Structure formats: C-alpha cells, structure tokens
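Data block below; observations after.
The values are calculated or read from the model by the stated rules, or taken from the named source; none is laboratory data. Keep in mind that this is a model prediction, so the values were computed, not measured. Cβ coordinates were reconstructed from backbone atoms using ideal geometry, including for glycine residues, and neighbour counts include every protein chain displayed. What goes into the accessible areas is simple: the full protein's heavy atoms, side chains included, and nothing from ligands, DNA or RNA. Shrake-Rupley method; radii C 1.70, N 1.55, O 1.52, S 1.80 Å.
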Amino acid sequence: MSIHEMFSLKGKVAVVTGGYRGIGKSVAKGLAEAGADIVIFDLIDAEETAKEISRDCHVRAASFICDVTNPEQVEKTIALAGEKMGTLDILFNNAGIGPHKDALEVSPDEWKKVIDVNLNGIFYVAVSFCRWVSSRGKKGSIINTASMSGLIVNIPQKQASYNASKAGVIHLTKTLAVEWADKGIRVNSISPGYIATDLIQDVREDWKNQWVSMIPFGRMGKPEELAGAVVYLASDAASYTSGCNIVIDGCYTLL
C-alpha cells in the first residue's frame with residue numbers, strides 16, 4: 001500500500017462531536033478533504049456546517065443534535081448515524097467546555113457539568129461507538145480531544161475543573177486503547193495548546209497576550225493545524241498506533 005493510500009480516508013465515515021464550529025469544524029473539514037464522509041454531533045443544529053463541508057469537499061455529510069452527557073441519547077444517535085451513513089469507522093471525540101473560575105468559587109454543579117461534558121461525554125460516545133463498530137465485526141479509530149491542560153497547570157487563568165477533566169481524558173484514552181486492542185479499535189488523543197478559534201474572542205486581552213508571550217512559536221495555533229494529526233491517527237498509516245497522546249502546542253509545555 002502506498003503512502004497516499006495509507007493516509008486516504010476515502011470510503012470511511014467519521015463522526016465528529018462538537019463539530020458545529022471551532023476545532024471540531026476545522027478538523028471535520030480536514031477529515032473530509034482526506035476523503036471521509038462526515039457526521040456531526042452537536043447541541044447546536046449543525047446542518048449548515050454539514051452542507052458546507054459536503055459542498056466544499058465533495059463528500060456526504062450529515063448532522064444530528066446530540067447531548068453527549070446523555071448516554072441513552074448518545075446510543076440512539078450513534079445508531080441513527082450508522083443507519084443513515086451505512087457504516088461508521090472514525091470518531092473524533094471533541095465536544096467540550098472550558099470555563100475559567102477559581103476553584104474556591106466553583107459550585108458543585110459547575111464542577112459536575114465540566115466533568116460531565118469533558119470526561120463523561122468522551123466516555124459515553126467512545127463506548128457507544130465501540131459497541132456499534134465491534135458488533136459488526138469492524139475495526140475503528142477513536143481520537144479524543146484532550147488538552148495540554150491535562151499535562152500542565154495554565155496561568156494566569158484558574159481552571160481546575162477543566163484541567164482535571166482533560167487529565168482524565170488522557171488516561172482514559174490510554175486505558176481504552178489497551179482494553180479495546182483485541183477488538184481492533186485504536187484509541188488515541190490530541191492535546192492542543194492555545195488555539196485561535198472564535199471561542200476565545202471573549203477572553204481577556206491581557207491573558208491572551210501573556211499566553212502568546214509564553215509560547216516559543218510566538219503565536220497561537222490555528223484550528224486547521226490540528227487536522228493533520230487527526231487524519232494520521234484516523235488513517236491506516238497509524239495502524240500500529242494506539243494509546244498515544246499527541247501534544248500540539250507550539251512547544252508551550254516544553255518550558
């Protein structure tokens with residue numbers, strides 16, 4: 001098999017959670033450009049995003065409203081996606097939230113919400129995807145979105161709940177990789193650094209300036225700069241890669 005064939009996702013279907021905008025949308029486009037048909041799960045109706053990807057990348061694309069913190073809804077939506085698309089092969093498990101709040105001021109409900117979306121949601125979608133794929137005798141690839149915040153403590157913002165949830169995603173990834181190796185389900189993660197998406201527009205300018213001053217590359221990353229790693233992990237080029245966490249942070253965590 002040639003390198004081109006190994007990296008091609010043609011004929012495969014990728015589920016992208018949190019794909020309405022930001023990192024999810026950019027990576028969904030990257031997967032589509034590599035040939036994959038796309039299914040977007042989001043709390044927001046992503047029909048227009050799916051249409052845009054289909055038009056620009058000449059692939060099939062669909063969208064479903066899905067709350068990743070509701071395991072029953074996740075199970076049903078995975079089944080609907082598989083029925084609509086005919087197969088499922090790849091999961092980019094990306095939905096998440098990232099509040100900035102002092103731990104002393106975080107209420108129990110706020111803590112639970114972050115853990116529920118960022119960690120429990122990753123688990124529920126991964127389990128449902130694995131069940132669907134393995135019950136049909138297929139192999140699959142799961143790529144979870146963790147964060148450099150699962151490896152270090154960010155400053156100056158305070159975000160204990162987010163950091164803890166992303167550390168959990170990294171170790172969950174490793175655990176599921178071992179548990180599901182005999183099923184042919186590979187499980188990896190990416191850990192982005194500071195990425196310039198529309199989601200950080202409301203962040204304080206002094207924080208953003210401090211972040212950039214601490215990044216050896218001297219800038220934030222672009223959402224599309226994450227797509228290559230996800231395409232690799234989703235493809236046959238990574239057939240011997242599982243339990244891996246790829247840090248994409250402009251060298252931020254090296255200092």
> Restricting region 45-60 to residues that are of a type in the set (Lys, Arg) and without any contact (Cβ under 8 Å) to a residue 24 or more places away in the chain, which is surrounded by the most Cβ atoms within 10 Å (Cβ to Cβ)?
Replying inline: Lys51
>> Looking for something free of Cβ contacts under 8 Å to residues at least 12 places away in the same chain and among the small types (Gly, Ala, Ser) - is there at least one such residue anywhere in region 90-102?
In response: no
> Are there any pairs with C-beta distances below 6 angstrom linking a residue in region 20-44 that is closer than 22 Å to Gly221 by Cβ to a residue that is among the acidic types (Asp, Glu), with the two at least 6 apart or on different chains, and if so which?
Replying inline: Tyr20/Asp42; Ser26/Glu224
>> Pairs needed: first member in region 146-173, under 21 Å from Cys244 (Cα atoms); second member anywhere, crowded, with 22+ Cβ neighbours inside 10 Å and among the basic types (Lys, Arg); C-beta distance under 6 Å; at least 6 residues apart or different chains.
In response: Ala146/Lys166; Ser147/Lys166; Ser149/Lys166; Gly150/Lys166
> Mind checking which residues of region 80-97 are farther than 20 Å from Thr145 by Cβ and either open to solvent by less than 50 Å² (accessible area, probe 1.4 Å) or in a strand (DSSP E or B) (or both)?
Replying inline: Gly82, Met85, Thr87
>> Restricting to region 26-61, give me the number of residues that are in contact with a Leu (Cβ under 8 Å, 6 or more places away or on another chain) and of a type in the set (A, V, I, L, M).
In response: 6
> Is it fair to say His100 is open to solvent by 20 Å² or more (accessible area, probe 1.4 Å) and farther than 29 Å from Gln201 by Cβ?
Replying inline: no
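Being surrounded by 14 or more Cβ atoms within 10 Å (Cβ to Cβ), touching a Pro at 6+ places or on another chain (Cβ under 9 Å) and either closer than 15 Å to Phe41 by Cβ or touching a residue at least 12 places away in the same chain (Cβ under 8 Å) (or both) narrows it down to one residue among Val74, Val106; which is it? Step through it out loud before you land on a result.
Details: Val74 fails: touching a Pro at 6+ places or on another chain (Cβ under 9 Å).
Going through Val74, Val106 in turn, the sole match is Val106.
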